Every structure is written in C-alpha cells, then in structure tokens.
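The values are calculated or read from the model by the stated rules, or taken from the named source; none is laboratory data. Computed from a predicted structure; not experimentally measured. Heads up, the Cβs are rebuilt from the backbone with ideal geometry, glycines too, and the neighbour counts pull from every protein chain shown. Protein only, heavy atoms only, side chains kept; ligands, DNA and RNA dropped before computing areas. Shrake-Rupley method; radii C 1.70, N 1.55, O 1.52, S 1.80 Å.
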Amino acid sequence: MSGAIVSVDCPAKTNLTLHVGERHEAWGGRHSLDTMYCAVGVYDTVTLEQRPDGAGCSLEISGQYLGDLAASSSDMLRNHAMLALFAMAQACGRDPDVAVTIEKNIPVGAGLGGGSADAAGTLLALNELWDLHWPIERLAPIAATLGADMPFCLVGGYAHGSGYGEIVTPVSVDDPRITALRADGYDGRVLVGAYRAQLSTPEVYAAFDVLGGDGSPNDLQAAAVSLHPRSGVAIELAKAAGATRAFISGSGPSVCAFVPDDAAAHAVEQAWLDAQAVDRLFVAQAPVTPVVHVPERRADAAADDPAASA
C-alpha cells in the first residue's frame, strides 16, 4: 500500500435557504436548522498518499488567501482534514500513516464550507486508499461527528439539512422543492464574491441572536451584513446588474449571485469589480458533486498482482 495515492476535488457549499430555530443545550448550544444545501463548483483538492507502516501522518497546505490556516498549519490536530483522518482510522482500526496535501481554492472562513469540504474529501479518499468501499451511509455518521456541513459535503448536489445541519437527505434535481427554487431564480451560473476578511460562525450566530433575520431566505444574512457591510453592497449591486438571486452564503461573508445568461454574468462581475465590492471572484456551476481520482497505475498494479485479486 505504501506510495498509493488518491485525490478528491471537493466542492464548496452554499445554502439556498437557511432557517434558524431555537438553541438546544443538548447540541452544545447550537441552533436547530432547516436548510437546502447546494454544492458549488469552487474546489479544494485533497490528495492522500499512503506512507510506510509507522511513518505517521503529515499535512501540507498550499494556495492563496489561506487566512488563519497560514498561521496554524503547523497545528495538524486542528485541521478538519486531519480530524477526518484520525476519525476514519479509528473507525476502521487502521494507523493514520498518511500524507495529506490540500490545494486550497475555497476561501477560508467564508461561509462556503471549505474546511468541511476538506474533511469530506479526506473521508472519500481514505475510503478508496484503504480499499474500504464503505457506502455513504456508513461514512456520514463519521462526518457528522466532525461538523454540521460535513455529511452534505460527502455527496454534494442538492440536499435538505435538519437537526443542527448534520441530518442530510439528498434531493434530486426534479424534486418539487428544487423545481420551485429554480423557478424563483436559484438557477443558472453562479458568481461567488469572496473576501480576504473572515467571519467567525459563532460571532455571526451571536449577532443573529440580537438582530434576528431580515426576511431573506437566509436568516443569518442580516447578522453577517451587520458585521461585514461590503457583503450587503455586493448583494445590492448584483441584483441591480441582473442577478436573479444574490445572497450571503451560509454565515458569510461570501456572496453568491445566480445569473441567467452571459450578459448578466458580465454585468455583475463588472459591477463588483468597479465598486471593489469583493476581493475575489469565481464563476462556477451548481449543483456539482465531489470527484474522486484513483490513478490508473493502482488499478494496473492490482491486475498484475495475483495476491491483490485473491
């Protein structure tokens, strides 16, 4: 197994709707949620390489605008991907002798689920690297112990989230709820405006507890905009430029804008750039799903090794 490599392109997530309920002490003070998740085609790539027995684990992170990760990358125990590695190793009784490399493209602390995507990508990669072939139904409870968004990030596409977000039910594109959302403007290409600044999710929830919602489909939007006003500017500019929907992604500060055609996409992009309303801009498709890459040489090696197929 030493030297085997698996990579996963794991997409960002957004919440097309996000309704926040009461706090529950049994959930560590977290709020109940009712949300419709959607995976967006901005990807981190998680690559895992099997190391020799007893070699231990390692972590390397690359990419622009790493935010807090740049300061804490030496603390492997806090990284979501490493937590996923340890959880999966414990679940299947293996040693975590794996080198983890993350190429980050999803902005950090942005309400786009980058850490959750990395954790999910790690679970999916280990499932192949260690030849476990566990179904998603077996991986999801492991993901749920790591964070609310992580079970969704295993599957991507559309999904309904409940509980504190960890109870995830995949939803097909022809589900009446999705049909209604698409008819209401959540359709087409999506522009993502991101920032160098980050928002702490607990800080946003604390602001929500004071401010409440503003009637938008994301109950956290008013709280996020109060802490990061540029996001509110970006939303209004996108709507004025022809976006069918523009909203805070999750707990922010990133903004997602659905556009119906090339002209609207160009108009939103230009409006954001002219006003310096965002720091980074992505044009993506939605919904998308994670992509697992297993090098052909592994399959070839297994075919040539009688013991591997015995």
Hey, Leu59 of a type in the set (A, V, I, L, M) and within 27 Å of Ala286 (Cβ to Cβ) or not: no
Which numbered condition in (1) in contact with a strand residue (DSSP E or B) (Cβ under 9 Å, 6 or more places away or on another chain); (2) within 24 Å of Pro151 (Cα to Cα) is the only one that Thr179 fails? (1)
Against the conditions (1) more than 25 Å from Phe208 (Cα to Cα); (2) in a helix (DSSP H, G or I); (3) of a type in the set (A, V, I, L, M, F, W, C), where does Leu59 fall short? Just the number, please. (2)
Within the bounds of segment 254-267, is there any residue that is acidic (Asp, Glu) and under 30 Å from Gly121 (Cβ atoms)? no
Going through segment 7-57 one residue at a time, which ones are open to solvent by less than 30 Å² (accessible area, probe 1.4 Å), more than 16 Å from Ile167 (Cα to Cα) and more than 18 Å from the chain's Cα centre (by Cα)? Gly29, Leu48, Gln50, Gly56
